[in-house]
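Since the structure comes first, as structure tokens, the remarks are kept for the end.
The values are calculated or read from the model by the stated rules, or taken from the named source; none is laboratory data. This structure is a prediction, so every number in the text was calculated from the model and none was measured. These accessible areas exclude ligands, DNA and RNA; they are computed on the full protein's heavy atoms, side chains included. Shrake-Rupley method; radii C 1.70, N 1.55, O 1.52, S 1.80 Å.
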Amino acid sequence: MTIRVCIDPGPWTASFERGHVVRIGRGRANDIRVGHQLVGGRWTVSKDHAVIRWDGTRWSTLNVSQRPGLLSVYEPGYEEVPLEPGRPWAPARHRWSYSIGRPDHR
């Protein structure tokens, strides 16, 4: 799996094997750190935000954040939809993307 993250000023890429559980959030213990800056005096991403794991046939995502509205998922051909806390999601296709952060500051 290759995760491509686009954060100003430039892209960052990391690769993870299928057996690895990938953790995303602003905390230092995460594999991918995003949103670790205050915007308007507030955090835009939870300390522990999402967990991505291989379920044997495809990648699945679990929103582990306690804050609603900070994670949206998108697949080509489908609408972008919010993934609420505690809700799992598995893409139907091989390509997908996430939007992490408040809607006004992704």
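Find how many whole Å separate the alpha carbon centroid of region 29-48 from the alpha carbon centroid of region 65-104.
17
Over the chain, with the other protein chains present, what is the accessible area per residue in square angstrom, probe 1.4 angstrom? Let's see the in-between values first.
Working: 6920 Å² over 106 residues.
Heavy-atom accessible area per residue stands at 65 Å².
Give me the percent of accessible area attributable to carbon and sulfur for the chain, probe 1.4 angstrom. Don't skip to the end; give the middle numbers.
On the way: 3440 of 6920 Å².
With neighbouring chains kept in place, the figure for the chain is 50 percent.
Tell me the relative contact order for the chain as a rounded percent, counting alpha carbon contacts under 8 Å between residues six or more apart. Walk me through the intermediate numbers first.
Details: 205 pairs, mean separation 19.5, N = 106.
Relative contact order of the chain: 18 percent.
Taking amide hydrogens as modeled 1.01 Å from N in the peptide plane, which residues meet the under 5 Å criterion relative to Val39, leaving out close sequence neighbours?
The answer is Thr44.
Considering only protein heavy atoms, what is the solvent-accessible area of Ile24 at a probe of 1.4 Å, reported in Å² to the nearest 10?
10
Sorted from largest down, give the three principal axis spans of the alpha carbons of the chain, whole angstrom values.
Principal extents (Cα only, largest first): 41, 26, 25 Å.
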